[in-house]
Amino acid sequence: MIQNQDVILEINGFQIDLTQEISRGAQGQIFACKSKQNTNQQFCAKIITILDDNQKFCKREKKIGEMISNNQKNPNLVAIYQIDQIEDKIVIIMERCEGNLHQLMEQKKFNDFEIFDFIQQFLNGYKTLYDLKIIHKDIKPENILIKNENGKIIYKITDFGISKIQENVGDKDITRQGTKAYSAPEVGLIIQDQEIQQNLSHIQDQSVIDIYSLGLMLYQLIFQKLPFQTKRIQIQRFFEETKKSPLKIKENTQYARLIEKMLLYNPQERYSFLELNQQLQQFKLQNDSQPEFKQVLNQNRPSILETEIEQNQNQENKNSIFNNQNDNKQQIYNSQQKLNCQFKPIKDNKQQLNQNQVNQNGNLQFQNDIKQQFNNNQQNNNLNFQPTKDNNQQFNSNFKMILNNNLIIINKIII
């Protein structure tokens with residue numbers, strides 16, 4: 001529920017300051033916004049007034065906003081946190097950024113590696129739109145917002161006010177809206193070409209409309225200008241010239257052939273999103289050995305485009321992780337065994353010391369036993385010796401008696 005307290009508009013935990021207008025466009029106004037729960041993060045609110053002549057666009061922007069809101073994992077799309085329709089107002093709560101590409105282009109000149117970084121981030125953000133079959137139709141520097149995260153520039157695609165959803169192959173409902181200077185010929189803002197309009201029915205991938213706008217931005221990043229003056233008559237002349245003869249970039253730049261294919265007049269011959277991404281990967285492989293290029297790649301966030309390739313390796317990675325875990329377990333076991341081996345001599349020494357102590361105690365006991373046995377033997381010897389002495393005395397007495405008897409007998413014989 002919206003509560004209008006003078007200049008503060010409160011809606012579902014957010015406070016919108018109607019005195020702090022950030023920007024405005026044909027479809028609405030953007031104001032500063034705060035969250036009652038998350039006070040550390042900056043937000044902004046886009047407020048669109050529903051009128052009789054824009055109900056279709058409002059309904060479509062709300063639907064597309066809800067689709068993007070459900071895909072918040074893409075760092076190169078402006079995050080949408082909440083969408084509400086209150087009476088004749090649509091309120092979209094979004095993350096607030098620090099500027100846009102147009103402002104940055106006025107402040108600096110981009111080198112080749114920074115241009116590649118921009119292309120890669122743009123395609124990463126566009127991947128979600130492509131998967132949702134959303135054609136942006138208003139790609140331009142002002143709709144590429146910038147956020148600084150830990151010293152790294154993050155580009156974010158925004159403003160889906162005139163975007164459309166490609167319902168099926170051959171959908172020719174390309175409304176003549178957008179920014180003239182960055183619109184593709186088939187959009188029809190500048191010229192009415194019946195032939196090219198008919199060709200739309202044969203185009204399976206209408207991302208070529210947005211790729212044309214991206215090609216113009218790349219040209220502008222490299223040369224600090226568009227390939228034509230922005231007046232209507234001059235844009236029309238550029239279309240007519242490129243219809244007869246495709247644009248040829250004479251300047252020496254490694255992006256020349258890429259841009260030429262992106263700016264082909266006939267959308268059937270132009271790069272689509274998938275074709276451009278494929279060319280970008282080849283470009284990446286060709287330049288991967290350059291230190292500056294590697295530095296740009298290392299600074300980039302994980303790409304959603306690269307995620308699809310990584311998903312094919314997930315099972316191998318899981319197996320590798322499982323094997324590593326087993327190897328770690330085995331390594332831990334081996335380390336434990338090694339520690340046990342290292343501690344075993346100490347343990348054995350301790351046991352040996354204990355055994356020696358036992359042996360010493362045993363020896364001492366044995367010595368005591370021997371000593372006791374010796375004493376016992378001595379006593380026994382003394383006891384044995386006493387009876388022997390008495391026996392000797394008895395023997396001597398008997399011997400004497402026998403001897404005397406014999407002497408008597410002998411004497412008798414003699415007589």
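The values are calculated or read from the model by the stated rules, or taken from the named source; none is laboratory data. Only a predicted model underlies this, so the values are computations on that prediction, with no experimental measurement involved. Neighbour counts are summed over all protein chains in view; Cβ atoms, including those assigned to glycine, are modelled from backbone coordinates with ideal geometry.
When the residues of the range 176-186 are filtered to those that are modelled with pLDDT under 85 and not hydroxyl-bearing (Ser, Thr, Tyr), the one that is nearest to THR230 (Cα to Cα) is GLY178. No other residue among ILE80, ILE50, ILE90, ILE30 is touching a helix residue (DSSP H, G or I) at 6+ places or on another chain (Cβ under 9 Å) and within 17 Å of ILE157 (Cα to Cα) apart from ILE80.
Among the residues of the range 260-271, the one identified as closer than 22 Å to GLU142 by Cα and either exposed (fewer than 13 other Cβ atoms within 10 Å of the Cβ) or touching a Pro at 6+ places or on another chain (Cβ under 9 Å) (or both) is LEU263. The requirement of being over 23 Å from PHE223 (Cβ atoms) and at pLDDT 95 or above is not satisfied by ILE86.
In the condition set (1) touching a Leu at 6+ places or on another chain (Cβ under 9 Å); (2) under 30 Å from GLN290 (Cα atoms); (3) not charged (D, E, K, R), GLN254 is compliant with all but (1). Against the test of being within 13 Å of GLU95 (Cα to Cα) and among the aromatic types (Phe, Trp, Tyr), the options PHE57, PHE43 yield a single qualifying residue, PHE43.
Annotation: ASP17 fulfils all but one of (1) assigned to a strand (DSSP E or B); (2) at pLDDT 90 or above; (3) surrounded by fewer than 13 Cβ atoms within 10 Å (Cβ to Cβ); the unmet one is (3).
Just wondering, is there one or more residues in the range 274-281 that are without any contact (Cβ under 8 Å) to a residue 60 or more places away in the chain, assigned by TED's automatic domain parsing to the domain that holds THR179 and among the aliphatic types (A, V, I, L, M)? No: zero hits. So, in the range 209-258, of the ones that are out of contact with any helix residue (DSSP H, G or I) (no Cβ under 7 Å at 6 or more places or on another chain) and β-branched (Val, Ile, Thr), which residue ends up surrounded by the fewest Cβ atoms within 10 Å (Cβ to Cβ)? Among those residues, the one meeting the criterion is ILE233. Going by the structure shown, is LYS108 assigned by TED's automatic domain parsing to the domain that holds LEU123, surrounded by fewer than 16 Cβ atoms within 10 Å (Cβ to Cβ) and not aromatic (Phe, Trp, Tyr)? So LYS108 passes the test. Scanning the range 143-166 for residues that are surrounded by fewer than 21 Cβ atoms within 10 Å (Cβ to Cβ) and acidic (Asp, Glu) yields a single hit, GLU149. Summed over the range 58-112, the residues that are under 22 Å from the mean Cα position of the chain (by Cα) and of a type in the set (Val, Ile, Thr) give a count of 3.
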